[in-house]
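Worksheet: the structure to be examined is printed underneath.
The values are calculated or read from the model by the stated rules, or taken from the named source; none is laboratory data. This structure is a prediction, so every number in the text was calculated from the model and none was measured. Counting neighbours? That spans all protein chains shown, and the Cβs are built from the backbone with ideal geometry, glycine included.
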Amino acid sequence: MRHSRKPHPYEIYGLERSPFAQRPTQREVADLLGETKADLIRLANYKDQFIVRRRENIGGKDRDLAYPVSRLRGVHERLKFHLNKVQQPSYLFSPRKKRSQRDNAALHLDQDQYLTMDVKQFYPSTTEEMVYRWFVDELGLFEDVAGLLTRLSTIDGKASFGSPLTPVLCTLVHRPLFDRISDICGHRGLRHSLWVDDLTISGKFVPGQVVTSIREVIRQRGLRSHKIRYRTGNRPVMITGIGVVGRDLLAPNSLNLRIKQYWQDLHDAMTAEERASCAQRLLSQLGTVRHIVGTKSNVGQRASDQMNMLKQKRDKWISEASQEASKKSADEAAPMEHEDIPF
């Protein structure tokens, strides 16, 4: 009998209950990471053999990626597994399971003013010294253990843009910074959320002193802020790709344009198979719209009606395409007439 795998435990204890906060030795850390102490030290000393470097365009920006492979990646994955068990603050929406871009935007509904900013070069600006100090000051690790983990978890003297460990590691390393920002916002009665390094603050009024205070806190942590924008709620405010207008959420214009193109593709389709394929693409995009705006909104209800219609037509087109394929296959397999046989 096949048993379904249980999901990995996630956010089950505070930082003080992490096994890394129990002052483990190098040997005990190696056991946690599925390695021997000797192999872990050897991996740290020769980690360049387990690093791939390349330049990629991500989100319209050229990024210099340096990511671990083979056994070093395994160590990063296991470190990520353990750090993901640490409970995160309510203001954090990514990296975090069961929280989406929609959830982040929904937190800021029905506000009058919005302030957005982000931390410039968040991952590359997280240096190995910052990581080492977090291991020592926050986790209380012995210096030799902290040094070993720092060498294993950083590449080229900084957090790796390409490692599975980096998002959760940077979130924890900079937790004191973001907690301080949370205190500043909470003192003013403002809503705030964090999506990786994108900070959104909203309220009936966002004082300029809040911006000054937050920028100063970020500077004190050795980081820089940029892309600072003030917006009002009388027109769509884009928060992590989702539009916010008063009490309503809006799908991004790029999604609406894609849906418009797919409707045109469906109109131009010549065969049942092409129509069924276009219908499937439309169903996916309309489902995204419905999820963003909500099923009870007018746009969400219209999307639901269109999806119900498309599902019925898609099933019909799939049946027609199957019949056409069967007929074509039968015609190709039919024996030649007697008079067509040349011998």
Exercise. Does Q49 count as surrounded by fewer than 17 Cβ atoms within 10 Å (Cβ to Cβ), in a helix (DSSP H, G or I) and at pLDDT below 95?
Worked result: yes
Exercise. Does V29 fit the bill of being in a helix (DSSP H, G or I), of a type in the set (A, V, I, L, M) and within 27 Å of R96 (Cα to Cα)?
Worked result: yes
Exercise. Would you pick out the residues in the stretch 284-300 that are under 25 Å from the mean Cα position of the chain (by Cα) and assigned to a helix (DSSP H, G or I)?
Worked result: S284, Q285, L286, G287, T288, V289, R290, H291, I292, V293, G300
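Let's see how each residue does on (1) touching a strand residue (DSSP E or B) at 6+ places or on another chain (Cβ under 7 Å); (2) hydrophobic (A, V, I, L, M, F, W, C); (3) touching a residue at least 60 places away in the same chain (Cβ under 8 Å); (4) assigned by TED's automatic domain parsing to the domain that holds V168:
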{"site": "D39", "(1), (2), (3), (4)": "no, no, no, yes"}
{"site": "D48", "(1), (2), (3), (4)": "no, no, no, yes"}
{"site": "R55", "(1), (2), (3), (4)": "yes, no, no, yes"}
{"site": "I58", "(1), (2), (3), (4)": "no, yes, no, yes"}
{"site": "D64", "(1), (2), (3), (4)": "yes, no, yes, yes"}
{"site": "V69", "(1), (2), (3), (4)": "yes, yes, no, yes"}
{"site": "L79", "(1), (2), (3), (4)": "no, yes, yes, yes"}
Seminar exercise, completed: For the stretch 235-276, the count of residues that are in contact with an Asp or Glu (Cβ under 9 Å, 6 or more places away or on another chain) and within 22 Å of E324 (Cα to Cα) equals 9
Exercise. Of (1) more than 25 Å from P176 (Cβ to Cβ); (2) surrounded by fewer than 13 Cβ atoms within 10 Å (Cβ to Cβ); (3) free of Cβ contacts under 8 Å to residues at least 60 places away in the same chain, E16 satisfies all except one. Which?
Worked result: (1)
For this session: Identify all residues within the stretch 266-279 that are free of Cβ contacts under 8 Å to residues at least 40 places away in the same chain and surrounded by fewer than 16 Cβ atoms within 10 Å (Cβ to Cβ); write none if there are none.
Result: H267, D268, M270, E274
For this session: Please list, ordered by first then second residue, the pairs with beta carbon atoms under 9 Å, 6 or more apart or interchain, first in the stretch 216-232 and among the basic types (K, R), second in a loop (DSSP other than H, G, I, E, B) and at pLDDT 90 or above.
Result: R221/H174; R224/K120; R224/Q121; R224/S125; K227/K120
Exercise. Looking at the stretch 234-245, is at least one residue at pLDDT below 95, surrounded by fewer than 12 Cβ atoms within 10 Å (Cβ to Cβ) and of a type in the set (D, E, K, R)?
Worked result: yes
Exercise. Residues of the stretch 113-158 being among the charged types (D, E, K, R), touching a residue at least 12 places away in the same chain (Cβ under 8 Å) and assigned to a helix (DSSP H, G or I), which ones?
Worked result: E128, D144, R151
Problem set entry | Single residue of the stretch 123-160 satisfying the filter (aromatic (F, W, Y) and either surrounded by fewer than 20 Cβ atoms within 10 Å (Cβ to Cβ) or within 22 Å of A38 (Cα to Cα) (or both)) that is nearest to the chain's Cα centre (by Cα) | Y123
Exercise. Which residues, counting only those in the stretch 226-283, are in a strand (DSSP E or B) and of a type in the set (S, T, N, Q)?
Worked result: T232
For this session: Determine whether D183 is closer than 30 Å to G246 by Cβ and under 24 Å from the mean Cα position of the chain (by Cα).
Result: no
